[in-house]
Amino acid sequence: STGGLEDDITCSVCQELFKDPVTLRCGHNFCRECVCEYWKEKTSQSCPICRADSVTSDLITNQTLRNIVETYKKEKKYKVQSKSICSEHKEKLKLYCLEDQEAICVICQVSRKHENHKFLPIEEAAQEFKEELNNSLKPFQDTREKIAELIEKYRGNLVNIHDEADKTEKQIKEDFVKLHQFLHEEEKNLLADLKKEKEEKEQKMRAIEESTVQDLMSVSKMITDIQQKMDEEDQIF
Ligand SMILES: [Zn+2]
Ligand SMILES: [Zn+2]
Ligand SMILES: [Zn+2]
Ligand SMILES: [Zn+2]
């Protein structure tokens, strides 16, 4: 079926098969005239479909696309003709004139109009059209395959990015669990150190306190001694 093909080679501006097709940098195709007319009414040169910026130097005829359109038109014309009867001679169109590119009847063949022209049986011509169309479609299909490949690769990358993000998330979570454990340990150690230091300080303070009390006690004993001695001396006098 060429229904899909016909859509691909139809200009979205004029809704007809491409005439002198050009491909803009966004990849959209139009008839050269359709783009030029479209741009005349605009202040900027953008794609009539996607509005992507374009420039006049993009307007180079897409030969591949033009060949496809030409071959497609020939095949279509042939298909219509091959089922018809010669309007002049009322005979079946069994031959194809290569010079005039049209189906003719056996009486047309011997007429002056087709003198010295080359002919093919119409079935053979049909086969050649099909091959020609397939050949001109080849680059077109190759491009499609490449695009499909790229899309596939791109999807693969997306999946990779997804997996990568999942992995990173897991890693971050694991790292933070470790970090929390480490911080918890560190907190415990610091608190233990602090407690030890506090106890040591308390012990030192207690020691100082005790020695001070002892000093005071010995001082007060000394005072008592002195007073006693002074009292004794008083009694002597
Ligand atoms: Zn057009
Ligand atoms: Zn576009
Ligand atoms: Zn005829
Ligand atoms: Zn002819």
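A few points about this structure:
- Of the residues contained in the stretch 24-44, one or more are found to be more than 26 Å from the chain's Cα centre (by Cα), acidic (Asp, Glu) and at pLDDT 90 or above.
- Number of the exception - Pro48 against (1) farther than 24 Å from Pro139 by Cα; (2) surrounded by 12 or more Cβ atoms within 10 Å (Cβ to Cβ); (3) away from ligand 1 (no atom under 16 Å from the Cβ): (3)
- Yes/no for Asn62 being in contact (Cβ under 8 Å) with a residue 40 or more places away in the chain, within 15 Å of ligand 1 (Cβ to nearest atom) and either closer than 22 Å to Glu75 by Cα or under 27 Å from the mean Cα position of the chain (by Cα) (or both): yes
- Within the stretch 14-38, residues that are on the phi > 0 side of the Ramachandran plot have Cβ atoms under 9 Å from residues that are near ligand 1 (Cβ under 9 Å from one of its atoms) in these pairs: Asp20/Cys31; Asp20/Arg32; Asp20/Glu33, counting only partners at least 6 apart in sequence or on another chain.
- In the condition set (1) without any contact (Cβ under 8 Å) to a residue 12 or more places away in the chain; (2) outside any helix (DSSP H, G or I), Val80 is compliant with all but (2).
- Screening Cys47, Cys86 for residues that are at pLDDT 90 or above and more than 32 Å from the chain's Cα centre (by Cα) leaves exactly one candidate, Cys86.
- Pairing each residue of the stretch 107-127 that is closer than 14 Å to Tyr78 by Cα with any residue that is part of a helix (DSSP H, G or I) and away from ligand 4 (no atom under 13 Å from the Cβ), provided the two are 6+ apart or on different chains, yields C-beta distances under 6 Å for Ile122/Ser82.
- When the stretch 52-66 is filtered for residues that are surrounded by fewer than 12 Cβ atoms within 10 Å (Cβ to Cβ) and within 26 Å of Glu132 (Cα to Cα), the ones remaining, listed by number, are Ile60, Gln63.
- Glu88 of a type in the set (Asp, Glu), away from ligand 1 (no atom under 16 Å from the Cβ) and open to solvent by 100 Å² or more (accessible area, probe 1.4 Å): yes
- Test: residue in the stretch 77-92 that is away from ligand 3 (no atom under 16 Å from the Cβ) and charged (D, E, K, R): yes
- Checking Ala125, Ala103 one by one, the residue that is surrounded by 14 or more Cβ atoms within 10 Å (Cβ to Cβ), out of contact with any Pro (no Cβ under 7 Å at 6 or more places or on another chain) and not in a helix (DSSP H, G or I) is Ala103 and no other.
- The test for being closer than 30 Å to Thr71 by Cα, surrounded by 10 or more Cβ atoms within 10 Å (Cβ to Cβ) and not basic (Lys, Arg) does not hold for Ser211.
The values are calculated or read from the model by the stated rules, or taken from the named source; none is laboratory data. Everything quoted here is computed from the prediction, not taken from an experiment. We place every Cβ from the backbone using ideal geometry, glycine too, and count neighbours over all the protein chains shown. Calculation scope for accessible area: heavy atoms of the full protein, side chains included, ligands and nucleic acids excluded. Shrake-Rupley method; radii C 1.70, N 1.55, O 1.52, S 1.80 Å.
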